[in-house]
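Contents: one structure, followed by commentary.
The values are calculated or read from the model by the stated rules, or taken from the named source; none is laboratory data. Given the structure is predicted, the values throughout are model-derived calculations rather than measurements. Methodologically, a virtual Cβ is constructed for each residue, glycine included, from the backbone with ideal geometry; neighbour enumeration extends over all protein chains shown.
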């Protein structure tokens with residue numbers, strides 16, 4: 001057997017540890033659900049989730065799309081790369097300060113919700129600056145292969161976020177728990193940003209240079225529209241629920257989003273490890289290998305998603321208070337929407353490979369409008385739970401548009417259409433069963449047991465386990 005080169009081995013090792021670390025760290029907020037759902041009322045949780053939505057959107061705007069330019073800058077500036085990083089960090093800080101000045105000037109003339117005090121508005125902006133700076137340095141760590149540094153930064157930011165929030169909620173903001181959670185989250189990001197700035201300043205003095213900033217703006221500004229569309233697609237549900245129904249309902253819905261985010265992180269992390277292999281086989285035009293392995297991946301994720309749907313009612317019952325239990329009815333359609341996300345990664349992979357990124361942005365923007373329109377009418381007619389189904393509809397259109405484009409661009413199949421359709425129908429049937437038997441734990445777990453036997457038999461027949469063990473031994 002051919003041995004892996006040291007460089008290749010290190011790359012694979014880095015990818016594996018990055019994936020594992022990413023799942024563990026991003027899973028930490030999931031395990032704090034039992035704590036914060038008992039410290040925060042549904043109303044408080046709703047306010048906090050909306051705060052995060054505003055912060056995520058604003059961090060994209062303040063970040064100017066610069067984090068997306070770091071990979072290119074690494075090869076463009078080479079020995080001057082650290083100077084580039086320092087310059088763009090300074091640029092982001094300047095943009096953030098401009099936002100602070102303008103928002104404080106306009107604040108008396110604008111009408112905000114009661115919880116959006118001047119202090120909270122300033123916190124949103126400062127946290128957005130901090131997060132935008134982190135994204136730049138995170139991109140630097142990834143391109144440099146410093147995956148451990150990146151994971152450590154995220155780990156400490158998460159721990160600070162949780163620890164400070166707990167102290168503030170328990171001892172200082174008992175009557176306004178949402179404020180303790182907001183301040184704790186903001187301070188975690190701000191402290192990490194300060195550390196990043198001091199550390200980067202030691203490497204290369206943080207000062208703006210025209211040639212670096214021009215490069216960042218020329219490449220970064222066009223990315224804002226795409227990044228903003230992605231954020232709006234993810235956050236518009238909660239914002240519209242709060243506007244059309246209320247904070248309480250936004251809080252209940254947000255729990256559903258957090259629960260399902262665990263599955264999203266797993267899929268995203270495995271996708272990151274799968275993408276290099278996918279591109280290499282595309283470049284070699286080994287379509288038979290692609291379709292064979294991608295079909296197996298579809299079956300695996302169908303199994304993973306089905307299991308998650310069937311145990312989701314138990315997760316919510318165990319991890320939250322009774323006031324949050326209605327989120328069960330949002331979790332199932334949200335999980336299906338995440339599976340639809342997975343279904344279009346094959347098509348998007350083709351579009352990226354063939355450099356048709358303009359179409360990707362166009363589809364994202366289109367689906368934002370579809371999501372907003374369906375949200376508006378469905379939430380008003382059926383209540384906040386309908387937002388989860390509106391998300392499913394917009395994700396289905398996203399899958400359909402990308403699938404049709406990939407089929408047009410590439411005349412060869414890379415995944416079986418029958419597998420995709422069968423898996424989606426199967427997931428929807430499982431979702432209906434889970435809805436009917438929400439309070440019948442034995443029926444749901446019995447179905448998981450039966451599905452597991454079928455899937456393991458299928459993998460055994462294909463000798464998947466033998467192939468995995470042989471590669472591990474090599």
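Which of the residues spanning region 437-451 are at pLDDT below 90 and out of contact with any helix residue (DSSP H, G or I) (no Cβ under 7 Å at 6 or more places or on another chain)?
Listed by number, the residues that qualify are 439, 440.
Taking region 373-391 as the search range and keeping residues that are surrounded by fewer than 18 Cβ atoms within 10 Å (Cβ to Cβ) and closer than 17 Å to residue 334 by Cβ, which one is nearest to the chain's Cα centre (by Cα)? If you could, list the steps in order and put the result at the bottom.
Kept after step one, since they are surrounded by fewer than 18 Cβ atoms within 10 Å (Cβ to Cβ), are these residues of region 373-391: 373, 376-377, 380-383.
Okay, now just the ones that are also closer than 17 Å to residue 334 by Cβ, so 382-383.
Details: 382: 27, 383: 25 Å.
So the residue we want is 383.
Name the one entry in 122, 104 that is surrounded by 13 or more Cβ atoms within 10 Å (Cβ to Cβ), within 28 Å of the chain's Cα centre (by Cα) and more than 22 Å from residue 210 (Cα to Cα).
Values: 104 fails: within 28 Å of the chain's Cα centre (by Cα).
The match here is 122.
Does region 452-474 hold any residues that are at pLDDT 75 or above and within 29 Å of the chain's Cα centre (by Cα), and which are they?
452, 455, listed by residue number.
If you take the residues of region 353-371 that are more than 15 Å from residue 400 (Cβ to Cβ) and within 19 Å of the chain's Cα centre (by Cα), which of them is modelled with the highest pLDDT?
Only one residue tops the list, namely 368.
Going residue by residue through region 163-175, is there one that turns out to be modelled with pLDDT under 80, within 24 Å of the chain's Cα centre (by Cα) and outside the structural domain of residue 368 (by TED's automatic domain parsing)?
From region 163-175, those modelled with pLDDT under 80 are none; that's our starting set.
No - not one qualifying residue is present in region 163-175.
What residue, of 244, 168, is surrounded by 14 or more Cβ atoms within 10 Å (Cβ to Cβ), touching a residue at least 24 places away in the same chain (Cβ under 8 Å) and either out of contact with any strand residue (DSSP E or B) (no Cβ under 6 Å at 6 or more places or on another chain) or within 30 Å of residue 117 (Cα to Cα) (or both)? Please lay out each step first, then the result.
Details: 168 fails: touching a residue at least 24 places away in the same chain (Cβ under 8 Å).
Unique residue meeting the criteria: 244.
Given the conditions (1) crowded, with 18+ Cβ neighbours inside 10 Å; (2) within 29 Å of residue 287 (Cα to Cα); (3) modelled with pLDDT under 90, and given that residue 395 satisfies all but one, which numbered condition is not satisfied?
So residue 395 meets the others, but not (3).
Within region 171-192, can you find the residues that are farther than 20 Å from residue 129 by Cα, surrounded by fewer than 21 Cβ atoms within 10 Å (Cβ to Cβ) and in contact with a helix residue (DSSP H, G or I) (Cβ under 7 Å, 6 or more places away or on another chain)?
172, 173
Would a scan of region 87-96 turn up a residue that is within 28 Å of residue 242 (Cα to Cα), surrounded by 17 or more Cβ atoms within 10 Å (Cβ to Cβ) and touching a residue at least 24 places away in the same chain (Cβ under 8 Å)?
Yes, region 87-96 contains a residue that is within 28 Å of residue 242 (Cα to Cα), surrounded by 17 or more Cβ atoms within 10 Å (Cβ to Cβ) and touching a residue at least 24 places away in the same chain (Cβ under 8 Å).
Given region 33-133, what helices (runs of 4 or more DSSP H) lie entirely inside it while holding 2 or more residues that are within 25 Å of residue 224 (Cα to Cα) and in contact with a helix residue (DSSP H, G or I) (Cβ under 8 Å, 6 or more places away or on another chain)?
Here the list reads 42-63, 70-77, 81-106.
Look through 340, 404 and report the one residue that is in the same structural domain as residue 257 (by TED's automatic domain parsing), within 22 Å of the chain's Cα centre (by Cα) and either part of a helix (DSSP H, G or I) or modelled with pLDDT under 85 (or both).
Within the list 340, 404, the selection yields 340.
Taking the conditions exactly as written (assigned to a helix (DSSP H, G or I), in contact (Cβ under 8 Å) with a residue 12 or more places away in the chain and either out of contact with any helix residue (DSSP H, G or I) (no Cβ under 8 Å at 6 or more places or on another chain) or surrounded by 16 or more Cβ atoms within 10 Å (Cβ to Cβ) (or both)), does residue 269 satisfy them or not? It would help to see each step written out before you state the result.
Working: assigned to a helix (DSSP H, G or I): yes; in contact (Cβ under 8 Å) with a residue 12 or more places away in the chain: yes; either out of contact with any helix residue (DSSP H, G or I) (no Cβ under 8 Å at 6 or more places or on another chain) or surrounded by 16 or more Cβ atoms within 10 Å (Cβ to Cβ) (or both): yes.
So residue 269 fits the description; yes.
Go through (1) within 25 Å of the chain's Cα centre (by Cα); (2) farther than 28 Å from residue 37 by Cβ; (3) modelled with pLDDT of 75 or more one by one and return the number of the condition residue 259 breaks.
(2)
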